[in-house]
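The values are calculated or read from the model by the stated rules, or taken from the named source; none is laboratory data. In this text, all values refer to a predicted model and were calculated from it rather than measured experimentally. Positions of Cβ are generated from backbone atoms using ideal geometry, with glycine treated the same way; all protein chains shown enter the neighbour counts.
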Amino acid sequence: MTVERVLLAQPRGYCAGVEMAIKALAWMVRVFEPPVYCYHEIVHNRLVVDRFGDLGVVFVDDVDEVPAGAPLMLSAHGSAPEVVTTARSRDRFVVNAVCPLVTKVHHEAKVRSEKGYTVLYVGHAGHDEAIGTLAVAPDAIELVEHEEDLDRVLPDVRDSSKVALLAQTTLSLHDWEGIMDRTREQFPELWTATRNDLCFATTNRQAALTAIASRADAVVVIGSANSSNTIALTKVARSAGRPVVLRVDGPDELDVDALRGARVVGVTAGASAPEDLVQAVIAELGPSEGVEAVHVTDEDEYFPPPRELRELVPALDGLAALVVGGDPVAARKRGGPFSDDRGVDASQVLADLAR
Ligand code: SF4
């Protein structure tokens, strides 16, 4: 490889929802005796899942596999309502780490279906987030994966004044817009969320990649193959006309032959990819003229821990005070080291746990 410069997209990598989910599972690992169970991959990133696996977290695809009384986390992608109900049975301590922006789409699906709308949901068949959302109102929602699917679902609409179009939060804007335009053409009264359901993290990462793609000879997107927003980033790079677009989990997957001749390489990472992987990929690329960060927007969104952990935190602060001979009641009121969730970084938490 003869890479001269890396253009590094900003923002990239962990979003607020992934930060929240990783920190929440780290809490579970620290507080409970192993094994801690997690329904579905906590986030769709191989390294993150492997690191938690090494810490004794057992990932399951069926909550019935989780023994009675065991601690159980539900993943950031959101779970079907009946999964949440089943999870909470049998005295398990359940923490639901669903991203609030996925919960918002579940709410839209529920409200629109109860109002008699035909709900079209643009998403990927078989993806955890899509499965969870479709299960909110299975009789009223139709999955639309590709624009051609509209030929099948649109003729079945009963009331043209009551059609809603929702979306998986991690789609590429390009995929969403084509389906939205065609549906609105047929149903001018179409209901959608104010802008759309694509989350801020998805759209910000796509905008940052768009800003570097046209200047790069090749683009490297760091993230796992089952990460929807990572795949969306590869589509953005391709639609910007980049001839070489590589998706890699980490530096060991870089295709040196494909990058031969690329002098400027754009680098970004999906919302569940850790920053240490980004740095490792850059080190492998070894740009002779260094790295140029291309900043598109700041992200200061913060999602607090899931409700079940928020209730646990004061007790932990009290316990920590007790251990060092302090006043547990005062510590509960005042807050202690466990209360400073916002000031804690998920990458650091995961690295500290692995030590
Ligand atoms: S990508 Fe968006 S919806 Fe998904 S976890 Fe992150 S903030 Fe939430």
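Structural remarks
- Residues of the stretch 294-330 that turn out to be surrounded by 12 or more Cβ atoms within 10 Å (Cβ to Cβ), free of Cβ contacts under 8 Å to residues at least 24 places away in the same chain and charged (D, E, K, R), as a count: 3
- The one condition from (1) more than 16 Å from the ligand (Cβ to nearest atom); (2) touching a strand residue (DSSP E or B) at 6+ places or on another chain (Cβ under 9 Å); (3) polar (S, T, N, Q) that Thr234 does not meet is (1).
- Residues in the stretch 224-260 that are assigned to a loop (DSSP other than H, G, I, E, B) and of a type in the set (Ser, Thr, Tyr): Ser224, Ser227.
- Filtered residue count, the stretch 235-284, keeping only those that are within 16 Å of the chain's Cα centre (by Cα) and either without any contact (Cβ under 8 Å) to a residue 24 or more places away in the chain or buried (at least 20 other Cβ atoms within 10 Å of the Cβ) (or both): 7
- Lone qualifier among Glu177, Glu148 - being surrounded by fewer than 18 Cβ atoms within 10 Å (Cβ to Cβ), free of Cβ contacts under 8 Å to residues at least 60 places away in the same chain and more than 27 Å from Val18 (Cα to Cα): Glu148
- Hits in the stretch 108-126 - residues which are in contact with a Ser or Thr (Cβ under 8 Å, 6 or more places away or on another chain) and aliphatic (A, V, I, L, M): Ala109, Val119, Leu120
- Restricting Ala269, Ala211, Ala240 to those that are of a type outside the set (D, E, K, R) and modelled with pLDDT under 95 reduces the list to Ala240.
Each row is one residue, and each column tells you yes or no for (1) in contact (Cβ under 8 Å) with a residue 12 or more places away in the chain; (2) surrounded by fewer than 14 Cβ atoms within 10 Å (Cβ to Cβ); (3) in contact with a Pro (Cβ under 7 Å, 6 or more places away or on another chain).
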residue	(1), (2), (3)
Lys110	yes, no, no
Ile131	yes, no, no
Ala135	yes, no, yes
Pro138	no, yes, no
Ile141	yes, no, no
Ser161	yes, yes, no
Thr169	yes, no, no
Leu190	yes, no, no
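- For the stretch 261-277, the set of residues classified as within 15 Å of His295 (Cβ to Cβ) and either assigned to a helix (DSSP H, G or I) or β-branched (Val, Ile, Thr) (or both) consists of Val267, Thr268, listed by residue number.
- Filter result (out of contact with any helix residue (DSSP H, G or I) (no Cβ under 8 Å at 6 or more places or on another chain) and closer than 30 Å to Ala207 by Cα) within the stretch 296-332: Asp298, Asp300
- Number of the condition not met by Phe303 [criteria: (1) assigned to a helix (DSSP H, G or I); (2) at pLDDT 95 or above; (3) aromatic (Phe, Trp, Tyr)]: (1)
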